[in-house]
Structures are given as C-alpha cells and as structure tokens.
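Written below as structure tokens is the structure these notes are about.
Any read-out appearing in this document is the output of simple, stated calculations on the displayed coordinates, not a laboratory observation. Keep in mind that this is a model prediction, so the values were computed, not measured. Virtual Cβ from ideal backbone geometry, glycine too; neighbours counted across all protein chains shown.
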Amino acid sequence: MDTPNHRKTETRNGRAELIVVHGLLILFVLLALGPILIVILNSFKTTPAIFGGPFDLPTAKTFSVDGYLRVFTRGNFLMNYKNSLIVTVATIMLTVATSALAAFALVEYRLRMTAPLIGLFVVGIMLPIRLGTVPILEIMISWNLVDTLTALILVYTAMSIPIAVTLMVAYFRTVPTELKEAARIDGAGEIRTFLIALPIVKPGLAAVATLTMLPVWNDLWFPLILAPSKSNQTVTLGVQQFVGQFLSDYPALLAALTLGAVPLIVLYVIFSRQFIRGLSQGVGK
C-alpha cells in the first residue's frame, strides 16, 4: 500500500542515489581534468616554483611566461598549427561529404550489394589502419605524395570514412520517405533530394565531424612517417620533437604540451553537445 511514509522513503532513496551518482561523476571529472589543469598551471611558473609547489597556483613571484616565449622563439609552432588546421579541416570536409553521399546512396538504392557494402564499412571500423602502413607508404611514394599534407589528408579521410558512413546510414534511414518522394514528384533530381534530406541529419554530421577531428589532431604515427619535414609537421609531431630537445627545460616543456592540447580541448568543449547528441541518437537509431 502506497502510504505517505513509503513515498517519503522512496524520495529519500532517490535523492541518495542522485547524490552518489553525481559524486562519482564529479570524481571522474576531477581525475580526468586534474592532470591537464596541473600541466597548464605549471606552464606559467618558473622551474623552482614547479618543483617547490607543483599543486600551487602561480603567484606574483612564481608567475612566468618565459616557457611560452622559448616555445615560440625556438620552436615552429605557428607553422605546426597551420599544418594541423589545414589537415584537420580538409579531412573533416572530405569525410563529411563522402560519408553523407555514400550513406544516402546505400539507403536509397536497395541493391544486392547494399548489405555486404554496409558490412564492409563495419569491418573497416574494427581494422586499425596502421596495419597497412607499409602499403600506404608504397602508394604515397608511387604517387609522389610523401612529405606532403595531401598524403595525410587522404590517409585520414580513408581512416574516418568507415565509422562515418555507418553512423550516417543510421541517420538517413530516419528521413521520412514521404519527404523524398514529394521532392522527386516536384521534379527534384537525386542531388536536390539529397540536399533536402541533409538538414534532417545535421546531428549526425556534427557527430561525424567531431569523431573525425579528435584522432586526426592527436595522431603522431602518420605525420612521423608521411610528413616528417619541418615545413609539414603537425602540432603533435612538433610537440614530440620539442619535448625531446628541451627535456630539462620544464616551463618550456609544459608550455609546449599545453599548446598542443588546449586547442583540441576548446574545440571539444564547443562541440561536445552536438557530438554527444549526434552519437547517442545515431546509436539509438
């Protein structure tokens, strides 16, 4: 029997569960962000201050931007940022465009090969592209693309397409058939019909863009193999080489790590809502 005391007990139990859940979430956030905040704070300190109080906030005596000045005067970070930005933006645009077109075709044209093709994209998600490093390098050598940003863009696009197509197929299946049929009756071609359906799958496009951005910006393997020269280095490769050269210069070392990580963190914070919503809806579909 539902009595007032029983309802009060359920309310208290529900509140206790919420407190526990939120407490655990806050703990996980602190564990995840704590090391990043420590690196950023210590990058604005002198070397004695870093060892004397690594968890202390910078003060008027310990505050210093000399590490950042050494990074920009001795490193090549502006060029690295430009290269990473070119590679990331170009990869996102190619991945979003090709995956959306491929997913639309797989959903619209029901052929015998449709299901096996979708299965191949799913398999592509599970196979790490680094297993094909040697053939990829041979292809880039034959195309005269070694040590160019174009090589990175092509490899990253190929790496991102399987999961992008799989996610976009789930979204295009939710586009109302009546909308597409009405567009075709009004004389719209396939490209026009595709453009009409595109606004409905915007959350999926945002999720694809975010999923593509994270591994491309963070990757060290392919920049080291396909574009190692100073003029084509990405941020991740630039940070790695800077760390090796200035291992004892802790302010500059922490400043370099901060410069490599902060842009990605900022971009993720800006697009995190679209990413989580797009990914969760895509999985649900």
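The calculated FRET efficiency for Thr174 paired with Thr47, based on their beta-carbon distance and R0 = 51 Å, is about 0.35. Using the average count of surrounding beta-carbon atoms within 10 Å as a protection proxy, the listed peptides 156-162, 172-178 rank, highest first, as 156-162, 172-178. Structural descriptor for segment 1-142: relative contact order 11 percent, calculated from alpha carbon pairs under 8 angstrom and at least 6 residues apart. Helices meeting the span-like rule in the chain (full DSSP H runs, Cα extent of at least 30 Å along the helix axis, mean Kyte-Doolittle score of 1.0 or higher): 77-108, 149-172, 250-284.
Based on Cα contacts under 8 Å between residues 6+ apart, segment 67-214 shows a relative contact order of 37 percent.
Once Cα extents along the principal axes in Å is worked out from the coordinates, which option in (1) 54, 53, 46; (2) 78, 73, 34; (3) 74, 59, 36 does it equal? So the calculated entry is the one marked (2). Between the beta carbons of Ile19 and Tyr268, assuming R0 = 25 Å, the FRET efficiency works out to 0.35 to the nearest 0.05. About the centre of its Cα atoms, segment 75-284 shows a dipole size close to 340 debye [charges on the beta carbon of Lys, Arg (+1) and Asp, Glu (-1) only; nearest 20 debye]. Measuring from a point 7 Å past the Cα of Lys82 along Cα-to-C-beta, which residues in segment 134-151 have an amide N at less than 17 Å? Of the residues in segment 134-151, 148-150 have backbone N under 17 Å from the label point off Lys82. Here the Gaussian network model covers the chain, with springs between Cα atoms less than 10 Å apart; of Asp249, Asp186, Asp66, Asp186 fluctuates the most. The value of relative contact order for the chain, using C-alpha pairs under 8 Å at least six residues apart, is 29 percent. Each other residue within a Cβ distance under 14 Å of Phe242 adds +1 if Lys or Arg and -1 if Asp or Glu, for a net charge of +2. Residues Met113, Met168, Met140, ranked from the fewest to the most other C-beta atoms within 10 Å, line up as Met113, Met140, Met168. Using 0.36 nm per residue and subtracting the Cα-Cα separation, the extra length available between Val29 and Leu127 on full extension is 32.2 nm.
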